[in-house]
1. Restricting to region 343-356, name every residue that is out of contact with any strand residue (DSSP E or B) (no Cβ under 7 Å at 6 or more places or on another chain) and either modelled with pLDDT under 90 or within 13 Å of residue 180 (Cα to Cα) (or both).
2. Of all residues being in contact with a helix residue (DSSP H, G or I) (Cβ under 8 Å, 6 or more places away or on another chain) and in contact (Cβ under 8 Å) with a residue 24 or more places away in the chain in region 217-235, which is surrounded by the fewest Cβ atoms within 10 Å (Cβ to Cβ)? Just the residue, please.
3. Can you tell me which of (1) crowded, with 19+ Cβ neighbours inside 10 Å; (2) not in a loop (DSSP other than H, G, I, E, B) is the one residue 351 doesn't meet?
4. Test residue 257 against the criterion of being assigned by TED's automatic domain parsing to the domain that holds residue 105 and exposed (fewer than 15 other Cβ atoms within 10 Å of the Cβ), and give yes or no.
5. Out of 330, 282, I need the residue that is exposed (fewer than 13 other Cβ atoms within 10 Å of the Cβ), outside any helix (DSSP H, G or I) and free of Cβ contacts under 8 Å to residues at least 60 places away in the same chain. Which one?
6. Looking at region 304-325, which of the residues that are assigned to a helix (DSSP H, G or I) and at pLDDT 70 or above is nearest to residue 255 (Cα to Cα)?
7. When the residues of region 290-300 are narrowed to those that are over 10 Å from residue 192 (Cβ atoms) and surrounded by fewer than 17 Cβ atoms within 10 Å (Cβ to Cβ), which ends up modelled with the highest pLDDT?
8. Among the numbered criteria (1) over 30 Å from residue 202 (Cα atoms); (2) outside any loop (DSSP other than H, G, I, E, B), which single criterion is violated by residue 301?
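The values are calculated or read from the model by the stated rules, or taken from the named source; none is laboratory data. Keep in mind that this is a model prediction, so the values were computed, not measured. For neighbour counting, all protein chains shown are included, and Cβ atoms are generated from backbone atoms with ideal geometry for every residue, glycine included.
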């Protein structure tokens, strides 16, 4: 028998052991509950911190009388097109809509070519999003020899100006087309697109016809059957970039290509906002950090991600193509922009101001 209980009888000893076990059990529970409480408290503090970190971005402001002058980092001859302003002359901070944000979205290929140029908006009050694709061959009023808007970014990167110079030049030229410079830019490379789609376990797209194209010099081979297809990242990218086929009857116009891109974007967004992908947010953050260049902070991106989760149905996301009046034909194949219809479309969709943008706020060659 244990010496600790020598002075007690057998019954008393048994009772003391029970009491000690009960105290140990209660102490264990209290310690466990304290640990759980501490963890819950830490989680609460963490979430409270996230609440301060995950928030809508501040809308860039500009001087009430002069506007926000863009830094002339682009092509020297075209450094001050658009009046050097970010908004129409006379527009002020007080003219901005509440919780209304605009974005310049740039899709880059392996080099500095802007494969895709889009203007997007998000209305945080009405929970509506709009995207306008700008044809790459759109004619812009610039001094350089190649007057296509997709030449703005590569020209802006010259002379050591790099990525920032390319974005600045494209911002200036976008201003001449829609009347203002979007609040934020998002520059996406092809690797990011592939990784996002693969993380989503592919996207469902209706392929209009059997896409076949082989270019052994580039090592490019496209073979996507017609009909409803679940495309992985590489297939989705090929579908979005498809322009020419092995035969002329399998080739499509740039406008049809834009329609395909819009179909992929909608498919990606619809899958992104599904509850099943909320747990993949850390993976998306990593993709954004490594492959996407933007002036949006991570906390702002997470706020927009949460806002996108509130968008339900395709009616809340509308896609458009910048209106044109025709092409110049060979050798340049410029797309002539339709000023009147552009003004109408911009005011209907992406205009962040309570005042209408007018034709005089644009600089389009007629």
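1. Start the filter on region 343-356 by keeping residues that are out of contact with any strand residue (DSSP E or B) (no Cβ under 7 Å at 6 or more places or on another chain), which leaves 343-344, 346-348, 351, 354-356.
Scanning region 343-356 gives 343, 346, 347, 351, 355, 356.
2. Looking at residues that are in contact with a helix residue (DSSP H, G or I) (Cβ under 8 Å, 6 or more places away or on another chain) and in contact (Cβ under 8 Å) with a residue 24 or more places away in the chain, I get 234.
3. (2)
4. Numbers: assigned by TED's automatic domain parsing to the domain that holds residue 105: yes; exposed (fewer than 15 other Cβ atoms within 10 Å of the Cβ): no.
Taking the combined requirement at face value, the residue does not satisfy it.
5. Working: 282 fails: outside any helix (DSSP H, G or I).
Residue meeting the stated conditions: 330.
6. Looking only at region 304-325, we keep the residues that are assigned to a helix (DSSP H, G or I), and these are 304-308, 314-316.
Adding the requirement that they be at pLDDT 70 or above leaves 304-308, 316.
Working: 304: 29, 305: 29, 306: 31, 307: 30, 308: 27, 316: 23 Å.
Ranking the candidates gives 316 first.
7. Keep residues of region 290-300 that are over 10 Å from residue 192 (Cβ atoms), which gives 294-300.
Cutting the leftovers down to surrounded by fewer than 17 Cβ atoms within 10 Å (Cβ to Cβ) gives us 295, 297-299.
Numbers: 295: 88, 297: 81, 298: 74, 299: 77.
The extreme case among them is 295.
8. (1)
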